[in-house]
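The values are calculated or read from the model by the stated rules, or taken from the named source; none is laboratory data. None of these values were measured; they are calculated from a predicted model. Positions of Cβ are generated from backbone atoms using ideal geometry, with glycine treated the same way; all protein chains shown enter the neighbour counts. Each accessible area value is taken on the protein alone, full model and side chains, heavy atoms only, with ligands, DNA and RNA left out. Shrake-Rupley method; radii C 1.70, N 1.55, O 1.52, S 1.80 Å.
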Amino acid sequence: MSLTEKINSVCRSALEKGLVGGVVTLRRTAENAAVHALVTKPDQIEETDPLMPYFPGNGADFVKKLTRIAPPRNKKILVILRPCEMRAAVELTKLAQIQNENIVWMTFDCLGTVPRKEFEDKPIPGGDEFYADLNREDIRPLCATCDFVRTNTADIGFLAFEDGAPFVAYTETGKQFLSELGVEFSEKVADDKFNQIQQKRNQNKAELYERLEKEVKGIDNLVKTFARCVNCHNCMTNCPICFCRECFFESEAMDFEGDIFLDLAERRGGLRAPTDVGLFHLGRMSHMATSCVACGACEEACPEGIIVGQVFKWVSENVQKVFDYVAGRDWEEEVPLRTFREDELTEVTGMS
Amino acid sequence: MADGFEPKIVGFFCNWCTSTAADMAGTSRMKYPPNVRPIRVMCSGSVDPSYIIRALLSGADAVMVGGCHPGDCHYISGNYKARRRIAVLKSIFDTLGLEPERIYLEWISASEAKKFVETIKKFTERVRQMGPNKLAQRWEF
Ligand code: SF4
Ligand code: SF4
Ligand code: SF4
Ligand code: FES
């Protein structure tokens, strides 16, 4: 059975048997486009393919939408997410934006996705065509440098990289779900191919960071990096972690009297429009770097081709290290800005 | 550094401690450099990092946040939260090569007028050595 069909047949029979009332996964809207969608009928599964190399946004955002006011009470939902989306879902749950009830989480070994703009005039390949070459390099920079091509925080994992592409159950819920469907699953998590691919990604990441040290670090470089930014805030709107109802950087706190703007222009050598580009990016980092999952939804959404996702990944990894934290790695670790310890960070006070 | 460079330092001082220490230093006529522009806040925990960033982008050469000593915050944990936020901000500035030393957090209680004066002297001198803040001079950012 093909890889996509293997997952899809689980979806179909879960819907047929009424084990879940809906499935969240990628569904085509056209040959060259897809979105996350909630499907409820087995025959709709024909149009879905969780493995296709397309990233319309971070799917955790959609789960937030589906559960924020109230999680489904009458029926369960099967949610199929990439590892970076799954990690965002873990973060959003910890941040009380997703209500994790009656959800069966499934994730899969992720080979990455191709930049959306590549599909302006060609069809998106199906998962099987894409996974036929595990060494491919035509993926987004954030995918090529991914820290988690697999994650174990879901109920069910689909080990697409490994021989035979087995399902594994990480939780009791996952075990029960697969058993009730009569789907075979492995108790052992094979990791041969996974290790190879992850290693390659880690190497790529080291190279990326070396490049960013040279090309982004320092005020001159930073100015260049964001030179074309039109301050549209698409990066923030598409970020799963930026969930504020009203973003501070879109509030009235950004507005001043003309005299103050004149004064600012006087001091800064002029005033850029739209204003507050630097404040927006640095400020956004200060709000959410502790939970950035390096999914690159921001970068995909940037109309100016700014490497905003790569910069956020780099900065955020260092921020998370301060707290020994890795966003979305597990369900228990506390989100850094929601807690504190009395006896920590003593080096932060004082002149250093 | 350039002759006659006088750093401008924005101070976010907690109402219950550092602000009071500053007032006391003033009323007891202790001398300290006039470089600090104090802003009274209700707690160090109310200082969003974006206020600090805005100050640094708008012409401040440095920002100092003054809060109550650990255990003494009137809102119990505001200062611990401030410490985490400032740790985040300093890490960001460090990665991006933006001089995290221009961001300074200190605990100064209401009775520590002397510590306040000493701290301001030392920090002003420190920032004078560092020279003007380049981040504030780039209109493009
Ligand atoms: S940038 Fe900050 S205020 Fe704006 S949405 Fe993100 S976290 Fe909220
Ligand atoms: S900042 Fe970018 S990479 Fe990080 S979580 Fe948000 S969208 Fe994903
Ligand atoms: S999406 Fe791109 S252009 Fe728009 S605010 Fe973000 S970085 Fe700037
Ligand atoms: S009341 Fe002073 S730091 Fe919180």
Open item on the list: For a quick check of your reading of the filter: which trypsin sites (Lys or Arg not before Pro) in the stretch A:175-263 sit in a DSSP loop and have no more than 13 other Cβ atoms within 10 Å?
Closed with: A:K188, A:R228, A:R245
TODO: Express as a percent, rounded to the nearest 5, the fraction of DSSP beta bridges in chain A (both residues included) that run antiparallel.
DONE: 50 percent
Task: GNM top mover of A:S186, A:S291, A:S316 - chain A, alpha-carbon springs below 10 Å - done: A:S186
- [ ] Go through A:T225, A:G309, A:A169 and say which Cα lies farthest out towards the positive end of the charge dipole of chain A; charges sit on Cβ, +1 for Lys and Arg, -1 for Asp and Glu.
- [x] A:A169
TODO: Between A:S251 and A:N152, with labels modelled 7 Å along Cα→Cβ, what's the label distance in nm to one decimal, could you check?
DONE: 4.1 nm
Open item on the list: If you average 1/r across every pair of different Cα atoms in the stretch B:9-135 and take the reciprocal, what Kirkwood value do you get, in Å?
Closed with: 14.5 Å
Open item on the list: Among A:L78, A:A190, A:A96, which residue has its Cα furthest toward the positive end of the charge dipole of chain A, with +1 on Lys/Arg Cβ and -1 on Asp/Glu Cβ?
Closed with: A:L78
Open item on the list: I'd like the residues of the stretch B:73-89 whose 1.4 Å-probe accessible area shrinks by no less than 40 Å² going from the isolated chain to the full set of protein chains.
Closed with: B:Y80, B:R83, B:R84, B:A87, B:V88
Task: Charged-residue dipole, Cβ positions (Lys, Arg, Asp, Glu), chain A about Cα centre, Debye nearest 20 - done: 420 debye
Task: Whole-angstrom gap from the stretch B:59-82 to the stretch A:100-139, using each part's C-alpha centre - done: 46 Å
Open item on the list: Heavy atoms of the protein only, probe of 1.4 Å, neighbouring chains included. What is the accessible area of A:K41 in Å², nearest 10?
Closed with: 110 Å²
Task: Mean projected area in nm² (Cα convex hull; one quarter of hull surface) for chain A - done: 20.5 nm²
Open item on the list: Which of A:T107, A:T173, A:T151 ends up with the largest GNM mean-square fluctuation for chain A, with Cα atoms connected below 10 Å?
Closed with: A:T173
- [ ] Among the GluC sites (Glu not before Pro) in the stretch A:205-252, which ones are in a DSSP loop with at most 15 other Cβ atoms within 10 Å of the Cβ? Mind listing them?
- [x] A:E246
Task: Extension gain, A:C244 back to A:Q176 (0.36 nm per residue minus Cα-Cα distance, nm) - done: 20.9 nm
Task: Size of the stretch A:104-249 as Cα extents on the principal axes (Å, biggest first) - done: 58, 38, 33
Open item on the list: From the convex hull of the Cα coordinates of the stretch A:265-352, what is the mean projected area in square nanometres?
Closed with: 8.5 nm²
Open item on the list: Rounded, prolate or oblate for the stretch A:206-349? Axes are the square roots of the Cα gyration tensor eigenvalues, ordered a ≥ b ≥ c, and the cut-off for rounded is a/c under 1.5.
Closed with: prolate
Task: Part-to-part distance (alpha-carbon centres) for the stretch A:1-21 and the stretch B:1-55, which is given in Å - done: 62 Å
Task: Theoretical gain in end-to-end length, A:E332 to A:E347 [0.36 nm per residue, Cα-Cα removed] - done: 2.7 nm
Task: Label point distance in nm, B:T27-A:L271, each placed 7 Å from Cα along Cα→Cβ - done: 3.9 nm
Open item on the list: In square angstrom and rounded to 100, what buried accessible area do you get between chains A and B, total over both, with the probe at 1.4 Å?
Closed with: 4400 Å²
TODO: Sort out for me the Cα centre separation of the stretch A:279-307 from the stretch A:178-253, rounded to whole Å.
DONE: 8 Å
Open item on the list: How high is the relative contact order of chain B? Use alpha-carbon pairs under 8 Å, at least six apart in sequence, and give a whole percent.
Closed with: 37 percent
Open item on the list: With no other cysteine's Cβ closer than 4.7 Å, which Cys residues of chain A count as lacking a disulfide-compatible partner?
Closed with: A:C11, A:C110, A:C143, A:C146, A:C229, A:C232, A:C244, A:C247, A:C292, A:C302
TODO: Filter the GluC sites (Glu not before Pro) in the stretch A:22-105 down to the DSSP loop ones having no more than 10 other Cβ atoms within 10 Å, then list what survives.
DONE: A:E31
Open item on the list: Going Cα to Cα from B:K8, which aspartates and glutamates come in below 15 Å? Please leave out same-chain ones fewer than 8 positions away.
Closed with: B:D61, B:E101, B:E125
Task: Mean separation of Cα contacts under 8 Å (6+ apart) over length of chain A, as relative contact order % - done: 16 percent
- [ ] Report, in debye and to the nearest 20, how large the dipole of the stretch A:206-349 comes out about its Cα centre when Lys and Arg carry +1 and Asp and Glu carry -1 on their Cβ.
- [x] 500 debye
Open item on the list: To test your reading of the geometry: what angle, between 0 and 90 degrees and rounded to tens, separates the Cα axis of helix A:3-16 from the longest principal axis of chain A?
Closed with: 70 degrees
- [ ] Please report the relative contact order for the stretch A:206-349, taking Cα pairs under 8 Å with a sequence separation of at least 6, and give it as a percent rounded to a whole number.
- [x] 25 percent
Open item on the list: Under 4 °C and 1.567 mPa s, how fast does the stretch A:3-203 diffuse according to Stokes-Einstein, given a Kirkwood radius computed over C-alpha pairs? Answer in µm²/s, whole number.
Closed with: 76 µm²/s
Task: Nearest-0.05 FRET efficiency for A:D163 and A:E46, computed from C-beta distance (R0 30 Å) - done: 0.60
Task: Ratio of Rg to Rh over the stretch B:33-89 (Cα coordinates, Kirkwood Rh, two decimals) - done: 0.98
